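**Student:** For reference, the structure I am asking about is given below.
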Amino acid sequence: MINIEFCRNEWIPALRSGRYKQIDGTLMARFAKGDVRYCCLGVAARRLGAVERSVFPSENHGQKCDFISLAAPHSKDERDNFMPHELGKKIGLLDGQFLPVPESFIGTCYKDEPISISYWDSDESPCINLALLNDELMFTFDDIANVIELACAAWESQSQGEVKTSGPVQMKPTLALIGD
């Protein structure tokens, strides 16, 4: 189960706020003139109080930048470009990037496409690979927030004993998503 309260009250609003600029390939990067960008997991880490630990000179899509590793406050857990385990566990993430979903979530669609499901190897639990959505599939923060919201709704339905009996769930794009 995921931390629905954190997702709905902190993470989803932060992703939709416009306060965070998006990047792929790292949790956080600082570009020239102080331009800072985050992946969706970096936004969650910051909302959980992550602190900057190490700076790695790098490049992202041809632009010079510094990749910033994040860690939980008062922790030595530093995983370079990955969500710190201690923080990921507060959300319910597996290995810092996999958002568990109930079996009933399988087949859920977003923008007329089934949401890609990964399986956590230790117990074959279905999950959404958030790094994949952010880095490879190039979902916007709004898209990722909508997918996380669908996962929260699926967990709530399961906890209330509701069983999905009809085909895949469809989420209609909001005005903010039309034209993507």
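**Student:** Once you have the Cα-Cα distance between Ser54 and Glu156, take 0.36 nm times their residue separation minus that, and quote the gain in nm to one decimal. Don't skip to the end; give the middle numbers.
**Tutor:** Numbers: separation 102, 0.36 × 102 = 36.72 nm, distance 3.80 nm.
Additional length available on full extension: 32.9 nm.
**Student:** Right, something else. Search the structure for amide H atoms under 5 Å from the amide H of Ile23, placed 1.01 Å from N in the peptide plane, and list their residues when 5 or more places away or on another chain.
**Tutor:** Placed amide hydrogens put Tyr38, Cys39 under 5 Å from Ile23.
**Student:** Quick one: which residues, 5+ away or cross-chain, put their amide H under 5 Å from the amide H of Cys65? H built at 1.01 Å from N.
**Tutor:** It is Ser58, Glu59, Asn60, by chain and number.
**Student:** Based on the mean of other beta carbon atoms within 10 Å per residue, what is the order of 28-36, 84-92, most packed first?
**Tutor:** My ranking of the peptides, most packed first, is 84-92, 28-36.
**Student:** Quick one: 3J(HN,Hα) in Hz for region 32-42, Karplus 6.51/-1.76/1.60 with θ = phi - 60°, rounded, Gly and Pro as x.
**Tutor:** Going residue by residue, I get 4, 6, x, 5, 10, 10, 9, 8, 4, 6, x Hz, with x marking Gly and Pro.
**Student:** Shifting gears a bit: Assuming 0.36 nm per residue, please report the length gained on full extension of the stretch Lys89 to Arg19 beyond their Cα-Cα distance.
**Tutor:** Gain on stretching Lys89 to Arg19: 22.8 nm.
**Student:** Relative contact order, percent, of region 4-162 when contacts are C-alpha pairs under 8 Å separated by at least 6 residues?
**Tutor:** 21 percent
**Student:** Calculated FRET efficiency, Glu124 and Met1, Cβ-Cβ r, R0 22 Å, to nearest 0.05?
**Tutor:** That gives a FRET efficiency of 0.85.
**Student:** With every atom except the alpha carbons ignored, what do you get for Rg and Dmax of region 4-162, in angstroms?
**Tutor:** Looking at region 4-162, its Cα Rg and Dmax stand at 15.6, 52 Å.
Bear in mind these aren't lab numbers, they're just calculated from the coordinates by the rules spelled out. What you are looking at is a predicted structure, and each value in this text was computed from that prediction instead of being measured. When we count neighbours, we look across all protein chains shown, and the Cβ atoms used for this are built from the backbone with ideal geometry, even at glycine.
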